[in-house]
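Here's the structure, in structure tokens; my notes come after.
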Amino acid sequence: MASLNQMSSLELKNLKDELLKKYDEFKGRNLKLDMSRGKPSVSQLDLSVGMMDCLTSKDDFKTADGTDARNYAIFDGISEAKKLFADILGVSSSEIIVGGNSSLNLMYDTVQRALQFGVAGSECPWNKLDKVKFLCPSPGYDRHFAICELFGIEMITVPMTESGPDMDVVEELVASDEQIKGIWCVPMYSNPDGITYSDDTVKRFAALKSAAADFRIFWDNAYCVHHLSDDQDHLLNLMDECKKVGTQDRVFMFASTSKVSFAGAGVAALAASENNLAFIKKQLSIQTIGHDKVNQLRHMRFFKDLEYLKNHMEKHAEIIKPKFDMVLTWLNKEIAPLEIASWKNPKGGYFVSVNTLEGCAKRTVELCKQAGVVLTPAGATFPYGNDPQDSNIRIAPTFPPVSELDLAMELFCLCIKIASVEKLLNQ
Ligand SMILES: Cc1ncc(COP(=O)(O)O)c(C=O)c1O
């Protein structure tokens, strides 16, 4: 089929009738499929079930330093879990706090703590200020934006480029506006674009001149071990770069095993300078006597070290790579010739980010929904749920079985075509 832009109105009208006929057939099938959230599939979760046999006898619960993991103690994580996260994030164990199962929870707490108590070195609580603003590279992770919205932090959209956030914009805003206290970053296989920040971008983050002395980078490295094949991206270590220029106190890094072991029962960690951690620990030691150390120990017995964990991630890749391939095959076959959308070809992470013609994302998602396929709401990847181009759609291919994904993608392509034809006919 030729590019839709080159079709006459008559051709477009005929095409629309043809597409709607197919769409009605789809509706008649009463589908109930979900590509909305980046969840591991059942077979991915099954990869880690062996973990449940790692602690079986009463003698299994001693941590490396002899603590009984079943009892109170160690509010900031057992030493072996600190070591594993230190290796994952490329910092030292003394720069790690191990939390509960969710890194999002750690991010929320970190923002809330800053609002209530300030941050190390500047103990003016952000809540005491007239206004607090965060930069939000977009498209980005909707739950980062939801945290800001909940706390009344004003969000400023920063465009994403192929090498990360547009650093010219970031540098100018951070240097000129004291109310900008933070920026959300998913530096590797970003959600949803699958972009990994270039070395230059990471260096520029380390060297940022900030108007606010208490500016912080929220470096959510959720997908740092989530490659789809041997053809992998590489991310420069922000903490190392910051140390070279003396800005290590401006970084909060986050990671978890949610998509390594169990999304609902993994282990999460926060990495930051010892200075930052000393400040945080004062409050954390009041908040908890300790997170679930039995789960931490179970994870460490199962994963052993970073090498073993990387091998385990290859098994995940074997399961999910065919799903990514299927999404891309459908897009390349059905959409590319029509020139009505563009997309990224990620080397890792959990999403495929599709950009429709301007004004077609909401309509596409709605059409899919009416025919039984749920997608992330259009706009969710932008602050306040507002995609100014109404163009970005996030596809999460990991959860559905391949057969369902096949069907869902066929419908998705059909819906993009309908939305695009409608737009062109209205022009
Ligand atoms: C970028 C990013 N950060 C964090 C999370 C959630 O992580 P956790 O399960 O550790 O809270 C997700 C989940 O999709 C994510 O995409």
Pairs with Cβ under 6 Å, 6+ apart, first in the stretch 350-374 and on the phi > 0 side of the Ramachandran plot, second away from the ligand (no atom under 16 Å from the Cβ) and outside any loop (DSSP other than H, G, I, E, B) = GLY359/LYS423
request  = Could you run through the stretch 77-95 and say how many residues are more than 21 Å from the chain's Cα centre (by Cα) and acidic (Asp, Glu)?
outcome  = 2
Residue ID - nearest to VAL49 (Cα to Cα), chosen from residues in the stretch 282-308 that are over 26 Å from the mean Cα position of the chain (by Cα) and assigned to a helix (DSSP H, G or I) = ARG301
task = Grab the helices (runs of 4 or more DSSP H) fully contained in the stretch 68-185, keeping just those with 2 or more residues being within 15 Å of the ligand (Cβ to nearest atom).
result = 79-89, 103-117, 142-151
inquiry  = Restricting to the stretch 309-345, and then to whatever is part of a loop (DSSP other than H, G, I, E, B) and in contact with a helix residue (DSSP H, G or I) (Cβ under 7 Å, 6 or more places away or on another chain), can you tell me which residue is surrounded by the most Cβ atoms within 10 Å (Cβ to Cβ)?
reply    = ILE340
message = Report every pair of residues separated by at least 6 positions or lying on different chains whose Cβ atoms are under 9 Å apart, first residue within the stretch 99-123 and within 11 Å of LEU270 (Cβ to Cβ) and in the same structural domain as VAL267 (by TED's automatic domain parsing), second of a type in the set (Lys, Arg) and part of a helix (DSSP H, G or I).
response = MET107/ARG143
task = Tally the residues that are over 15 Å from GLU410 (Cα atoms), more than 16 Å from the ligand (Cβ to nearest atom), touching a strand residue (DSSP E or B) at 6+ places or on another chain (Cβ under 7 Å) and of a type in the set (A, V, I, L, M, F, W, C), restricting the search to the stretch 358-392.
result = 2
query = Does PHE151 satisfy being among the aromatic types (Phe, Trp, Tyr), closer than 30 Å to GLN232 by Cα, outside the structural domain of TYR384 (by TED's automatic domain parsing) and out of contact with any Asp or Glu (no Cβ under 8 Å at 6 or more places or on another chain)?
reply = no
key: Long-range neighbours under 6 Å by Cβ, at least six apart or interchain, first residue touching a residue at least 12 places away in the same chain (Cβ under 8 Å) and within 16 Å of the ligand (Cβ to nearest atom) within the stretch 24-51, second part of a strand (DSSP E or B) and not polar (S, T, N, Q)   = ASP34/VAL374; MET35/LEU375; MET35/ILE395; SER36/VAL374; SER36/LEU375
key: Answer from ASP214, ASP193, ASP249 - the residue that is under 25 Å from ASP325 (Cβ atoms), more than 10 Å from the ligand (Cβ to nearest atom), touching a residue at least 24 places away in the same chain (Cβ under 8 Å) and in contact with a Ser or Thr (Cβ under 6 Å, 6 or more places away or on another chain)   = ASP193
request  = Could you look through the stretch 181-202, keep only residues that are of a type in the set (Ser, Thr, Tyr) and surrounded by fewer than 24 Cβ atoms within 10 Å (Cβ to Cβ), and pick out the one that is nearest to HIS227 (Cα to Cα)?
outcome  = SER198
key: Among the residues listed as PRO337, PRO322, PRO346, the single one being at pLDDT 95 or above and within 16 Å of the ligand (Cβ to nearest atom)   = PRO346
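The values are calculated or read from the model by the stated rules, or taken from the named source; none is laboratory data. Keep in mind the model is a prediction, meaning the values are calculated, not measured. All Cβ positions, even for glycine, are placed from backbone atoms using ideal geometry, and neighbour counts span all protein chains on display.
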